[in-house]
Amino acid sequence: MSLALIVLLPFLGAVLPALMIHSGRAACALSAAWVTALAFGLLLTHVPTVMSGQVVQVGWEWLPALGLHVNFFLDGLGLLFAGLILGIGLLIIIYARYYLAEKDPMGNFYTYLLLFQGAMVGIVLSDNVLLLLIFWELTSLTSFLLIGYWRHLPEGRQGARMALVVTGSGGLALIAGMLILGHIVGSYDLTVILQHGEEIRESPLYVPALLLILVGCFTKSAQFPFHFWLPHAMAAPTPVSAYLHSATMVKAGVFLMARLWPVLSGPEIWFYLVATTGLVTMVVGAWIALFKDDLKGLLAFSTVSHLGMMTMLLGLATPMAAVAAVFHIINHATFKAALFLSAGIIDHETGTRDLKKLGGLLMLMPITATLVMIAAASMAGIPFLNGFLSKEMMLEEISHTAWAGQGWILPALATVGALFSVAYSFRYIVHGFFGPQRDDYPKHPHDPPAGLWLPPALLVVLVVLIGLFPETFAGDLVRRTTSAVIQGPVPEFHLALWHGLTPALFMSIVAVGGGLLALWRYPMVRNWWQAGPHPEAKAMFDAVIAGAVRLCQTTVLALHNGSLQRYLAFMIGAAVVLGFSGFLGASHAPGQRELLPAVPVAGVLWVILLAACGLIVAFQRQRLFAVVLVGVIGLIVSIAFVYFSAPDLAMTQISVEVVTTILILLALYFLPGETPRESSALRRGRDAVLAGLAGIGIGGLAWAVMTRDFSSLSSYYIENSHHLGGGDNVVNVILVDFRGFDTFGEIIVLGIAGLAIYALLKGMMEGEIHEKLGSWPLEMRKSADRHPMLMVIMARVMLPLVLIVGVYIFLRGHNSPGGGFIAGLVVAIGLVMQYMASGFAWAAQRMTIQYHALIGGGVLIAATTGIGAMIMGYPFLTSTYDYFNLPVVGKFELASALGFDVGVFLTVVGGVMLALAYLSDLGRWASRSPINEQPMDALPTRDEPSRRDD
Amino acid sequence: MEFLVASTIGVITAAGIYLVLRARTFPVVLGLTLLTYAINLFLFITGRLAVGQPPVLQDGVTAYTDPLPQALVLTAIVISFGMTAVIVVMALRAYIESENDHVDLIDGDNDRGDSRT
Amino acid sequence: MNHWIILPILLPAMVAPLIALTVRHDIVLCRVFSVASTVLLLVLGGVLMGTTAVEPVQTYNLGNWLAPFGIVLVLDRLSALLLLLTAVLGLAVVLYAINGWDRAGRHFHPLFQLQLMGINGAFLTGDLFNLFVFFEVLLIASYGLMVHAGGPARMRAGVQYVAINLVGSSVFLVAVGLIYSVTGTLNMAHLAVEVGRVSAADRALLETGGLLLLLVFAVKAALVPLHFWLPGTYANAPAPVAALFAIMTKVGAYAIIRVFTLIFGAGAAASAGLAGPWLLPLALVTLVGGMAGVLASRRLGQMVGFAVIGSMGTLLVSVALFTPQAISAALYYLVHSTLAAGALFLIVDLVRERRPDLGDRLTTAPQFAQCGFISALFLLGSMAMTGLPPLSGFVGKLLVLDGARESAHAAWIWGGILGASLLAIIGFARAGTTLFWKSASVEGTLQPMGQPAPALPFVSVGTLLGGMVLLTVFAGPIMLYLDSVAQQLFTPQQYIDTVMTPNTVQPAGAH
């Protein structure tokens, strides 16, 4: 339990600093320190258990379906890393309190830091690789926030992004690798995976898994060639660099390699990949570090180099090498953190980190100087300091390892690496502190307050103690940790200063001698370096990213150029492809149904229709003409409906067409009368081909359908329409009863259309659009007599007739062609005629009905009839009926479905009128014609001119 | 007869699609109207062709054409009417607001798309 | 006969006309009605989901007609899940909208309610043609909402959106017609039976119909190359509408899952597994293309739009495998990506209205009001969308990857998903650092247009983010439910039997 708490505490505590900042920087720092100390304390309580060789485990189920459990375990390796993370974390927190400036938002800083800390602890304690992945990605994310902490600095932002991209992509590779491991083993629990080393190494998936996991580790631990992000992460505040790039994050990769060492190491590919990469990184890093003038840059590359050394040791895959690796992890953490912190001090106190601007600080900053000299000497691997011991062990191991059968390669290169590391370590000391004092330091240097130098001092003390009494201070920890790494018996070893005259000793001597020589002849060496090539990783990285962005923009954005023509072409093309391949991809046989004989009339109509289609394609740019042609086609279609026994359809088609045409004409009143010719011949050709293919396709399908027999549900409707549906017009019964719910949806659609159109048009009757309309250039010629008397009279006389017809159609609908929808349209047309004849205003004054009310009421009535049934305990829209007698109409039956049909009727009238009425009003406004109080312009009894309203 | 109907459907569809692919809103609207005619016809013929068999029950008559597709087409006609009405008005307003009835988004359209009014 | 089932459709269908009819002039009452109805929908969703635990499949025979002759609503675990999801998103959106967007045009609330009605109907109906009708309902409502508040760009984008969907509807009708012409039925359960019996001579027509259906649903689900409508529409739609549209793409995904597990599932004999071969490659292209768009985008809204396309790719990749495990993973990702997209679109709007004249253009500018807080929200949203832990995006990604393990194309799928998330990470990092960090290096601050927004918008964004937190924390139990959903989808017999066994109130209606 307390184990999970160690991970949880930093996350929970992360809110504290953000809150505490209001009560001062000290409180803020304290809260963070307190949280970390608590976690550290909890960790210490487990030390005895772990040191006695037991493994502390705790776990809960989270997502069993995936095998993702919240399992934690603590063994030597976990203990070591958790200790480093929390211990050094504590020092960093104290240090940062004094390091950060007044203006820096300290609350954010500590919040991010604690989040990062929690993620790190999570990585090293997870007993489930998926859980580990979560923490792994979290470190990438939180380090992104920490590195970019100084948002105003471009280097900060770029460094942060680079770190995120590199480690993030590594993390993605790691996900794949871990999933493969889990796939092989059948469990994502680390402890289980560690049991199945054999199985994994023999699996055919071993190599891909290994590669993916190594990419994850190498990116995180800045191994060549992924090392370039680390130096740029130095734009972060020094405490961050000290924490992330010495003790913790960059060690995560090393940690994971150590963690999976028992299952992954062994095969040659492991040796050649890991050891080689490590060695190359070690040498390259050290070489570059030698020429960095920025202290943090120097330390960054030295970190790269030392991480390379650890990686190489793990790559050797021998128990003793593992021991060396573990020991060096400890030592490096101590001296490197100390060095970063003191670099921070120098920066803080002198105002620069540039070795060229420094020197002669020995007397000015004695404390800092002492700390740096000890730590740097340890980094160089000088005796009596811990760095020396682990370096010796490394050289010892290397000295009897052959690479591709060559015994000399590794020792030689390792010595070179060590040589450089001696050189840059001493360069740090000499160029930083010795030489003459100068008078051009940006700030006057002096030793910092204790809060800044104590943390590094503590670490330096460790450096010395471990260096002098390694067995006492590190022996057991190293043994315990190593046994956790190799999951087996630890070889006998004794941490000591003196191992006799071993080859390692001579290699060290060469390294130290050579290093000092190189420093003595530094200008010369630097010239060699100057001569050599300096690939600028950041430039390349930026170029790659910029290139990717440009590529995406030139492809994706260029493709989405906002052209509806292109979009529709793609869509129709897809339909054609899918349609044809669907048809050709399956079995088909021509149908057997006997065909109807073609009657001459049909032939004639067919010819007319084809002609109309041809004309419309040819002359579509003459808009009015095109509308007429569409009308012709619609007319022929409705004739077809009549002929093929679908009277309802014919009526509907006709009435809809009338209304649609009126609507389109009203719109055309504003729109230009001609479509400009703009699409190229090529474009027209493409469209013709698409259209042709689609036409052939659907025509063929229609043919295939019509020429084969089938059985459908329809017999049921025909049999039951009368005695169950109470109607003889089966289509209407289906509409209002059997499938009344479709119709319900249908009137909802109409209602919405009404509302949407109202919203659109109303929006045009105000604001600048309205003004714009007021002066709209209209192409159509106005007729002198807007409201011809004859038409007015006709319309007026017609209205009652139309209404009666409407009612009639409505009532008979259930038994013979007709029904609410058609009736609605007929009535609407009748009303529209009033508008057309006598003008909007005149009609509007007399049109007391609210169209909104019609729509809303219609839908409500329809719904209520349906709900009525629910109250009776029947499902929605259940209908009942009875017969009545009326003069004229004759015997007709009243089905409750009729109430539903009333709803349809009202909605239709409302929807149509709403659209047409408002549109015509717009037209009147745009045509700047007067509101006419009188039904007709030329009323015999009247001669005063009609008033203009604008 | 079947051939006449099938070819009719094909031709209207072709004409409709050709118009739909034009560059101005008006032909696009007409194209969509044509397309709906063709599609309604297609949906209708899935009940197969029958002459003189309207699905209105009369005593003594036994042969009726399939009423279901007719009901579906009726619904479809109504719905497509609503849709046409909306797109007509929308196209109209788009034209009047941007004084251009081209169907493609012009550059910078996205720059003006985020205002509340 | 459990009347609860129809309420998710009936309630908004009644509230909308009431608003339009009675209170349309009183914005406050409009809001009260609209929010109340949405809250009720949320409750309903919970209740219905609860009942599916007891009774996995429930039917509602409209008009008291027997299936397959009348229209049947079917409530199963999948539809219950999506009803609840819709209500959650709807509530967040309406809470955001009543902060002012709803006054920017007319009839926002009626249209909004009817939009919800259409979506709920599509999830509930068990009839293919009725599905078409509800598609039309939700579409026409979305047309109205899309151009809410007007503006030239929005209008032109709206016309495109409508035109494309009208063509889609036509294809839908052709597909329904074809399927009817060889099976003679429209009821999905009945189709599931009949499709297996279709003669070899008619297979071609049947499968053409099936693939055309896939096309229609793919348009809604923004599958490449049918996705073109999405970026323009989402970038120009009013923010709350764009957020609501996050569920619209899922309607397409739902329809694909439903139709191709039930009708063209294992029972479809020769026509089984019709969709997979087309869906998988296209979904991969969608995934990578979408995230590439994220990297390419020049505006925040545009970027989120492309991210939605990418997430649909991920979702459809998992769907395309048509295995129970992959489908349940897909469903988890579906819920997650809906919440994530919704949240991000609202966050984009928070940025927009604080950067007058700049809007959401990804350019450096002085800091704006509440920059820090909004950047935190944006960070969370991006983490979710790009699949970084700890939010549900990461879990969802793991589930999808894990579900594809056994597939023959695992390498492609893994490569695609992981590569795409890298693109997304880079894209979102660039956008975020430009908008929120670079601005720190510029002097001064921008004055938000209008009065600075009160707490409400943050509440609604918080709701969605909170939803994702719950989705992550309770991933275990949720996956148990989703597994049961997937099981139900792959053993459709129960669904078929429940629909086909008479479930009418006796005596058969008042007839």
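The values are calculated or read from the model by the stated rules, or taken from the named source; none is laboratory data. Remember, predicted model here, so these are calculated numbers, not experimental data. Every residue, glycine among them, receives a Cβ derived from its backbone with ideal geometry; neighbour counts consider all protein chains shown. These accessible areas exclude ligands, DNA and RNA; they are computed on the full protein's heavy atoms, side chains included. Shrake-Rupley method; radii C 1.70, N 1.55, O 1.52, S 1.80 Å.
Things worth noting here:
- Estimated distance in nm for a label pair at residue A:152 and residue C:405, the labels positioned 7 Å out from Cα along Cα-to-Cβ: 5.1 nm
- Per-residue ellipticity at 222 nm, computed for chain C from helices alone with -39500 (n - 2.57) per DSSP H run of at least four residues, works out to -23500 deg cm²/dmol.
- Cβ-Cβ FRET estimate between residue A:853 and residue A:680, R0 fixed at 45 Å, reported to 0.05: 0.30
- Within the same chain, lysines fewer than 8 places from residue C:220 are excluded, and of the rest, those with a Cα less than 27 Å from its Cα are C:250, C:397.
- Size descriptor, Kirkwood hydrodynamic radius, that averages inverse alpha-carbon separations across segment B:1-114, Å: 16.7 Å
- Every pair of different Cα atoms in the protein assembly as shown enters the Kirkwood calculation, which places the hydrodynamic radius at 35.9 Å.
- Alpha-carbon radius of gyration plus Dmax, which is the widest Cα pair, for segment C:1-140 in Å: 15.3, 47
- Placing a label point 7 Å from the Cα of residue A:544 along the Cα-to-Cβ direction, the residues of segment A:216-243 whose backbone N falls under 14 Å from that point are A:216, A:218-220, A:222-230.
- When segment B:1-107 is described by a simple charge dipole with +1 on each Lys and Arg Cβ and -1 on each Asp and Glu Cβ, the residue from B:4, B:73, B:91 located farthest towards its positive end is B:4.
- Put the Cα centre of segment A:640-714 next to the Cα centre of segment A:218-297 and the gap is 68 Å.
- D (Stokes-Einstein, µm²/s), Kirkwood Cα radius, segment A:240-293, 1.306 mPa s at 10 °C: 123 µm²/s
- Shape category assigned to segment A:65-110 from the gyration tensor of Cα positions, a/c cut at 1.5: oblate
- Rounded to the nearest 10 degrees, the inclination of helix A:206-220 to the longest alpha-carbon principal axis of chain A is 80 degrees.
- With coordinates expressed along the principal axes, the C-alpha atoms belonging to segment A:309-431 extend over 52, 24, 22 Å, beginning with the largest.
- Cβ-Cβ FRET estimate between residue C:54 and residue A:49, R0 fixed at 45 Å, reported to 0.05: 0.40
- Volume per residue that the Cα convex hull of segment C:59-106 spans, once the total is divided by residue count, Å³: 108 Å³
- Using distinct alpha-carbon pairs, which all enter the 1/r mean, Kirkwood radius of segment A:252-352 in Å: 14.3 Å
- Exposed-loop-free span, longest in chain A, where GluC sites (Glu not before Pro) count as exposed if DSSP calls them loop and at most 14 other C-beta atoms lie within 10 Å: A:103-491
- Taking every protein chain into account, the 1.4 Å probe leaves residue A:425 with about 0 Å² of accessible area, to the nearest ten.
- Calculated over segment A:445-593: convex hull of Cα atoms, volume per residue (Å³): 498 Å³
- Between residue A:450 and residue C:445, the C-beta separation translates, for a Förster distance of 51 Å, into a calculated FRET efficiency of about 0.80.
- Extension gain (nm, one decimal) between residue A:516 and residue A:497, 0.36 nm per residue minus Cα-Cα: 4.7 nm
- Linear extension gain, residue A:804 paired with residue A:356, 0.36 nm per residue minus alpha-carbon span: 151.0 nm
- Label zone of residue A:772 (point 7 Å out along Cα→Cβ, amide N under 18 Å): in segment C:132-148 this covers C:147-148.
- Selected from C:151, C:113, C:73, residue furthest toward positive end of dipole (segment C:27-154; charges at beta carbon): C:151
- Set against the 2.2 N^0.38 Å expectation for a compact globular protein, segment A:1-152 has a Cα radius of gyration ratio of 1.07.
- Charged side chains reduced to their Cβ positions (Lys and Arg at +1, Asp and Glu at -1) give segment A:1-140 a dipole of some 360 debye around its Cα centre.
- Dipole magnitude for chain A: about 1940 debye, using +1 per Lys or Arg Cβ and -1 per Asp or Glu Cβ, origin at the Cα centre.
- Spacing of the two label points (7 Å from each Cα toward its C-beta) at residue A:2 and residue A:183, in nm: 4.2 nm
- Within chain C, longest stretch clear of exposed trypsin sites (Lys or Arg not before Pro) (DSSP loop, no more than 16 other Cβ within 10 Å): C:1-297
- Shielding by other protein chains, A:650-660, mean Cβ within 10 Å: 3
- Solvent-accessible area buried by A and C, counting both chains, probe 1.4 angstrom, square angstrom: 10100 Å²
- Of all stretches in chain A that contain no chymotrypsin sites (Phe, Trp or Tyr not before Pro) in a DSSP loop with at most 10 other Cβ atoms within 10 Å, the longest one is A:499-950.
- Scattering curve values for segment A:151-257, log₁₀ I(q)/I(0), Debye with Cα scatterers, q = 0.23, 0.24 Å⁻¹: -1.15, -1.21
- Exercise: per-residue mean of other protein chain Cβ atoms within 10 Å, A:815-825: 2
- Shape call, segment C:87-182: gyration tensor on alpha carbons, a/c limit 1.5: oblate
- Within chain A, helix-based [θ] at 222 nm, where runs of 4 or more DSSP H residues each add -39,500 (n - 2.57), nearest 500: -22500 deg cm²/dmol
- For segment A:91-185: rounded, prolate or oblate by the Cα gyration tensor [a/c cutoff 1.5]: oblate
- Partner aspartates and glutamates for residue A:296 [C-alpha distance under 20 Å; skip if fewer than 8 residues away on the same chain]: A:155, A:347, A:349, A:354, A:447, A:536
- Straight-distance crosslink candidates among lysines, where the alpha carbon sits under 18 Å from residue A:220 and sequence neighbours closer than 8 are dropped: A:251, A:336, A:538
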